[in-house]
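Each value in this text was obtained by applying a stated rule to the coordinates, not by laboratory testing. Predicted, not measured: the structure shown is a model, and the values here were computed from it. Note that each Cβ is placed from the backbone with ideal geometry, even for glycine, and that neighbours are counted across all protein chains shown.
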Amino acid sequence: MNIPSILGFVGTIIGLVRAVPQLVRLLRARGAFGVSVDTAATSSIVSLGWAVYGLLTGQTYVVLATGSSGLIFAIITGMALRYGRSVREFKVAPIWLVVLLITGFAFGTDVLGIVLALSALVSNMPQIWVAYREDNLKGLSLGTWLLSLSDGLVWGTYALLQHDISIIASGAFQSATSALIVARILYQQSNKKALESEMISN
């Protein structure tokens, strides 16, 4: 087994599980505080787009990782709507669905790969906006965003070895945006602990 195959296998495992902590968090919390339903929906669309790209370019690991992730993000979208988010929050998802469909049908895999590379940035921006705008992030899973950060790093390294510029760019965007979300969650958690300690000491 060569290094790209190992990275592809690890990336597939991360892709299979990265959205699961968010789903579990929603089911436990019974609330979607801090969760961007727009990011969940866009992530589902983008993941399924990558699955198509992987199928067309013969990259089985990409198909497995992103196809399963797309289905879980679709379930998260439904759960977030059920637990308090609004359909009115959909801003990016419908536009990006149209963009990917037009790109795929009109321009083929090369241009689709370029657009998909931008998708990690586009899909995570609503979550960054919600995370930095809302004070209550109780429904947002740190585990999912740590896995998302790892996902970007693993696929970025895989793509470097495979010389796939689209996946390299996607990995870089995924890592950078996920790091911002992780930083915000950790900041909120440290503030909460500081407030609790202050209340106990008083």
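On C-alpha positions alone, give me the angle between the axis of helix 3-17 and the longest principal axis of the chain, in degrees, nearest 10. It is inclined by approximately 40 degrees.
Per-residue extension of 0.36 nm, minus the Cα-Cα distance of residue 190 and residue 118, leaves a gain of 22.7 nm for this segment. To the nearest whole percent, what portion of all C-alpha pairs in the stretch 25-91 is separated by more than 21 angstrom? Every Cα pair in the stretch 25-91 considered, those over 21 Å come to 31 percent. With the Cα gyration tensor of the stretch 81-202 giving a ≥ b ≥ c as the square roots of its eigenvalues, does the rule (a/c under 1.5 for rounded; else a/b larger than b/c for prolate; else oblate) give rounded, prolate or oblate? Here the stretch 81-202 falls in the oblate category. Overall, the stretch 3-189 carries a charge dipole of about 680 debye about its Cα centre when +1 sits on the Cβ of Lys and Arg and -1 on the Cβ of Asp and Glu, all other atoms neutral. If I fit a long axis through the Cα atoms of helix 109-133 and take the longest principal axis of the Cα atoms of the chain, what angle between them do I get, 0 to 90°, rounded to 10? Helix 109-133 and the main axis of the chain meet at about 0 degrees.
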